[in-house]
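Trainee: Once you've had a glance at the structure underneath, I'll fire off some questions.
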Amino acid sequence: MVNNQQVTTMPHPSTAVQAEKMADVTFRLLDQCQEKQDRIARSLGLTIAEFRLLRAFRGDAALSVGDIARRMELSNSRLTRILDGLVEKEVVTREVSRQDRRVILVELSARGQRIQKALTERYLRTHQEILDLLPEGAVDSVIAAMEKLEEAMQEWTGSGLSESSEVPDVLTSHH
């Protein structure tokens, strides 16, 4: 406090070098996260989309097709194709809701529950193995930095900053 006024720290302007480094790191991390998901999915006989659908359940016993579509940010038609594969593999069942016949409920079968349990265990073990590769004492600071990055990205995507009104000349020129 200075002169009984609270001092707030403003974010410092980033440099182009820092922005480029962050862009490169986040691009590589995205690639590596997709590879991680692909390995886990393949080890359980699932496609990436099926893996993500099972993760979308988050402990819920049953979900409507609409709820799953919202959680996964997918169209109902794309979701239907993924569900068809999981029904064929006997991982989920679909049935019309007794409360509202317009609603289709998706439920994990006994096999699906076993796969989801294995998926969760493998997912947690994978992240533990990654954390174990960090230097001694770095885990908490890495997680804190990742949380701060996630907050900044949520703020950026929610603020409209992500929707630049300027179209680069390279996209508008017809040469």
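Trainee: Of everything in the range 37-61 that's charged (D, E, K, R) and in a helix (DSSP H, G or I), which residue is nearest to ILE130 (Cα to Cα)? Steps first, answer last, please.
Mentor: Of the residues in the range 37-61, the ones charged (D, E, K, R) are 38-39, 42, 50, 52, 55, 58, 60.
Then drop every residue that is not in a helix (DSSP H, G or I), which leaves 38-39, 42, 50, 52, 55.
Values: ASP38: 16, ARG39: 14, ARG42: 19, GLU50: 23, ARG52: 20, ARG55: 20 Å.
Result: ARG39.
Trainee: Please work out which one of (1) assigned to a loop (DSSP other than H, G, I, E, B); (2) modelled with pLDDT under 95; (3) more than 20 Å from ALA23 (Cα to Cα) is the condition SER164 fails and give its number.
Mentor: Result: SER164 passes all but (3).
Trainee: Further question on the same structure: If I filter the range 128-148 for residues that are closer than 18 Å to ALA49 by Cα and either surrounded by 11 or more Cβ atoms within 10 Å (Cβ to Cβ) or touching a Cys at 6+ places or on another chain (Cβ under 7 Å) (or both), do I get at least one hit?
Mentor: no
Trainee: Determine whether the range 62-71 contains at least one residue that is in a loop (DSSP other than H, G, I, E, B), under 20 Å from ILE48 (Cβ atoms) and not aliphatic (A, V, I, L, M). If you could, list the steps in order and put the result at the bottom.
Mentor: Taking the range 62-71 first, the residues in a loop (DSSP other than H, G, I, E, B) are none.
Within the range 62-71 (the criterion being in a loop (DSSP other than H, G, I, E, B), under 20 Å from ILE48 (Cβ atoms) and not aliphatic (A, V, I, L, M)), the answer is no, since none of the residues qualifies.
Trainee: So, one more: Among the residues of the range 145-161, are any more than 30 Å from ALA61 (Cα to Cα) and in a loop (DSSP other than H, G, I, E, B)?
Mentor: Taking every residue of the range 145-161 in turn, at least one turns out to be more than 30 Å from ALA61 (Cα to Cα) and in a loop (DSSP other than H, G, I, E, B).
Trainee: Let me ask something else about it. Of the numbered conditions (1) under 21 Å from PHE51 (Cβ atoms); (2) modelled with pLDDT under 95; (3) surrounded by 12 or more Cβ atoms within 10 Å (Cβ to Cβ), VAL106 fails exactly one; give the number of that condition.
Mentor: The number of the failed condition is (2).
Trainee: Just give me the residues in the range 60-74 being loosely packed, with under 11 Cβ neighbours inside 10 Å and modelled with pLDDT of 90 or more, in sequence order.
Mentor: Within the range 60-74, the first condition is being loosely packed, with under 11 Cβ neighbours inside 10 Å, and the residues that meet it are 61, 73.
Selection gives GLU73 alone.
Trainee: Which residue pairs have Cβ atoms under 7 Å apart, sit 6 or more places apart or on different chains, and have a first residue in the range 44-63 that is in contact (Cβ under 8 Å) with a residue 12 or more places away in the chain and a second that is surrounded by fewer than 17 Cβ atoms within 10 Å (Cβ to Cβ) and among the aliphatic types (A, V, I, L, M)?
Mentor: LEU44/ALA118; ARG52/MET72; LEU53/MET72; ALA56/MET72
The values are calculated or read from the model by the stated rules, or taken from the named source; none is laboratory data. Predicted, not measured: the structure shown is a model, and the values here were computed from it. With ideal geometry, Cβ positions are generated from the backbone for all residues, glycine too; neighbour counts draw on all protein chains shown.
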